[in-house]
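What follows is a set of notes on a single structure, which appears directly below.
Nothing in this text is a laboratory measurement; each read-out follows from the coordinates by a stated rule. What you see is a predicted model; the values in this text were computed from it and never measured. When we count neighbours, we look across all protein chains shown, and the Cβ atoms used for this are built from the backbone with ideal geometry, even at glycine.
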Amino acid sequence: MNSFDKGLRAILWLNLVDALATLTWLHLGLATEANPVMNWALQLGPSVFILSKVALVCLAVTLLWRHREVTGARLALIPVAMLYALIAGAHIGFAMLQSWASQPVQLALGVGS
């Protein structure tokens, strides 16, 4: 498996981590969904939220993979993977902060307000 395919696979896994962590924070009342499309999906239920999030990212990953020979697709992978790594890191940092705080802290990196 080449590095491009590994990057696409990482995006899929990091997206799933983001979805599950977001649902956890929402369930605990520690965050709100800032993305209006995902917020709408969330109003329809957690299953619709997860399915929508996974489906949309799978669609984007499929488009990148189908155009993997195009330089633009290869270059697009870098900021997308970095963004998802940052989001996953924020979730981990938020979990650590919650474990250290005596009172709940609101998430402020795009998912919370």
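Worth a mention:
- The base-10 log of I(q)/I(0) for segment 3-100, evaluated at q = 0.15, 0.25 Å⁻¹, reads -0.64, -1.29 [Debye formula, identical scatterers on Cα atoms, solvent excluded].
- Legend: ranking of residues D18, D5 from fewest to most surrounding C-beta atoms inside 10 Å; resulting order D5, D18.
- Each other residue within a Cβ distance under 14 Å of F49 adds +1 if Lys or Arg and -1 if Asp or Glu, for a net charge of -1.
- Report summary: the helix-based calculation at 222 nm, which adds -39500 (n - 2.57) for every DSSP H run with n ≥ 4 and divides by the residues of the chain, gives -26000 deg cm²/dmol.
- Relative to the longest principal axis of the Cα atoms of the chain, the long axis of helix 3-27 lies at roughly 20 degrees.
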